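Remarks on the structure that follows.
Please treat every number below as a calculation from the coordinates, not as lab data. Every value quoted in this text rests on a predicted model; they were computed, and no experiment measured them. All Cβ positions, even for glycine, are placed from backbone atoms using ideal geometry, and neighbour counts span all protein chains on display.
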Amino acid sequence: MLPATMPFLMSALTLGTIAFVVFFVSTVILTIPVFATRGRAQLAWLAGVGFVLTVEAAVLITVVVLRGNGGGASTDAAKDGEPNGGGTPSAINVALRDNLFAPKALTVKVGTEVTITVKNEGKAVHNMHVMSKDQEGKDFMSEQLVNPGKESVFKVQFSKTGTINFQCDFHIPDMVGTITVTE
Ligand SMILES: [Cu+2]
């Protein structure tokens, strides 16, 4: 939300500032006798101001549109890369999409309780079902049905290192991923 709206606000402010400066400068210049008294010079000046403002507005609108699109994409990319690098997170966010997990490869530390927040960013119903029964004696999972736009929070904790599969019960075998449990 914030990254998408900030460029727009900044651009709107920029446009407002430019309009104000041009208006201010116009007011000053029109008090100069040569512009105030001779109709042609004044008209030429006003036409110039109008042209500059129009170009500025067009440029800024283009910037807003481009930044809006780019910003959205980079926000998603950042979410995909969250925060499962080399660390040992105690909280992980996973997006549920149509039909994939983002990210689909998670890493957690053995013995550490990790809170997983899944958010359904798709249009279909999804869930996250961690298939740890063989290793841990039980599975972990989000709410059975996570509706579009909704979140579900659950905790996982593993007592052994290894690799554990997870899935969306509605979209196997497409919507799957793995949790690597490290030392
Ligand atoms: Cu699904």
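Quick notes
- Matching residues in the range 161-183 - criterion: being more than 13 Å from the ligand (Cβ to nearest atom) and among the β-branched types (Val, Ile, Thr): Thr161, Thr163, Ile164, Thr178, Ile179, Thr180, Val181, Thr182
- Filter pass, Lys119 being more than 16 Å from Ser90 (Cα to Cα) and either surrounded by 13 or more Cβ atoms within 10 Å (Cβ to Cβ) or under 26 Å from the mean Cα position of the chain (by Cα) (or both): yes
- In the range 89-108, the residues that are of a type in the set (D, E, K, R) and out of contact with any strand residue (DSSP E or B) (no Cβ under 6 Å at 6 or more places or on another chain): Arg97, Asp98
- Qualifying residues in the range 86-127 (those that are under 20 Å from Gly162 (Cα atoms) and among the small types (Gly, Ala, Ser)) - the one nearest to the ligand (Cβ to nearest atom): Ala105
- Thr180 satisfies every condition listed in (1) free of Cβ contacts under 8 Å to residues at least 12 places away in the same chain; (2) part of a strand (DSSP E or B) except (1).
- So Phe158, is it in a loop (DSSP other than H, G, I, E, B) and within 12 Å of the ligand (Cβ to nearest atom): no
- Some residue of the range 99-115 being among the small types (Gly, Ala, Ser) and not in a strand (DSSP E or B): yes
- Residue within the range 137-144 that is among the hydrophobic types (A, V, I, L, M, F, W, C), within 12 Å of the ligand (Cβ to nearest atom) and under 13 Å from Asp169 (Cβ atoms) present: no
- Number of the condition not met by Glu136 [criteria: (1) touching a helix residue (DSSP H, G or I) at 6+ places or on another chain (Cβ under 6 Å); (2) touching a residue at least 12 places away in the same chain (Cβ under 8 Å)]: (1)
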